[in-house]
Amino acid sequence: MKRIFTAVPYLWLLVLFLVPFLIVMKISLSDYAISIPPYTPTLDFSGGWQAVRDFFGALDFENYVFLTEDDLYWKAYLSSLKIAIISTILTLLVGFPIAYGMARAPDEWRPALMMLVILPFWTSFLIRVYAWMGILANEGILNQFLLWLGLISEPLTIINTNIAVYIGIVYTYLPFMILPVYASLERMDPSLLEAAEDLGCSRVSAFWNVTVPLARPGVIAGCFLVFIPAVGEFVIPSLLGGSQTLMIGKVLWEEFFSNRDWPVASAVAIILLLILIIPIVLFQRQEQLAREVDQ
């Protein structure tokens, strides 16, 4: 029975991750063709083992080489990483105080505060992004409000800039940062802060030496939950960033649906997946070694 329960997550990963990954990898090693499907399979299992042997004999990575020769792709990767890192930092700066306030709030208030955090998920993601288009437009609510206050003399250009992308990503993924941080802080024993203050720490010092280290697992989990989807984000940069915002998600969509170059698009997706998975695996390995040293 124990082996059955253990096999369930591995079966889940096999069906929903490994099999699609292998399909995309197979397409990335194929040749572009103006037909349906829009590629010529390099590996055709209908030919039996002879087809498999021919595949490995004719194996080439020309689609991956093409990605290194065109500046568009590596610039898109770097731009996506930059936007995702900055967005993750901003989300942490906004989300940590909210999670801290929720954890320190009275017990009877916490369910209501939790409800307010997850309430945006009850609305369509696309509708929420479109709402921000109306808020950030030159004649939008934000500019009208700032003009009414007299803080600006002419509308600010926010829409179709990276600033709008940062706002959209922070707003969209903020709950993914708040919830794991709150889960870590909510389990923290308040007596630890009292003990630190009794030993001579100020409140600020106790916060940095006690609260922040105890919240570290939640912060790391929240950063991963924000950073990973933000790197491949497509909807937010398309609607809020406009044509000037270069992200790999937009490039991937254009290769699949506009250029219909599935092999190159699959190669772009494989590289993106490796960029995300390798640091996570290395981090988990480092954490495991650290736990072994502590033990």
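Since every read-out is calculated from the coordinates, none of them should be taken as a lab result. The structure presented is a predicted model; accordingly, all values stated were derived computationally and were not measured. Ideal geometry is used to build each Cβ from the backbone, glycine not excepted, and the neighbour counts take in all protein chains shown.
What to note about this one:
- Charging the Cβ of each Asp and Glu at -1 and of each Lys and Arg at +1, and nothing else, the dipole of the chain about its Cα centre rounds to 520 debye.
- Three-way shape label, segment 61-294, alpha-carbon gyration tensor, a/c 1.5: oblate
- Over all Cα atoms in segment 112-197, the spread is summed up by Rg and Dmax: 18.4, 54 Å.
- Of 209, 160, 138, the one that fluctuates the most in a GNM where the chain has Cα springs shorter than 10 Å: 209
- Residue among 263, 217, 279 with the largest mean-square fluctuation in a Gaussian network model of the chain, springs linking Cα atoms under 10 Å: 279
- Just checking the listed ones, 267, 76, 112: in the Gaussian network model of the chain with Cα springs under 10 Å, the one fluctuating most is 112.
- From its DSSP helices (H runs of at least four residues, each -39,500 (n - 2.57)), the chain gives a residue-normalised ellipticity at 222 nm of -21500 deg cm²/dmol.
- Seen against the Cα atoms of the chain and their longest principal axis, helix 19-28 is set at about 50 degrees.
- Segment 152-273: C-alpha gyration tensor shape, a/c 1.5 cut-off, then a/b vs b/c: oblate
- 0 to 90° range, to nearest 10: angle between helix 262-294 axis and the chain longest Cα axis: 50 degrees
- Based on Cα contacts under 8 Å between residues 6+ apart, the chain shows a relative contact order of 27 percent.
- Farthest positive-ward along the chain dipole, Cα basis, beta-carbon charges - from 271, 168, 16: 16
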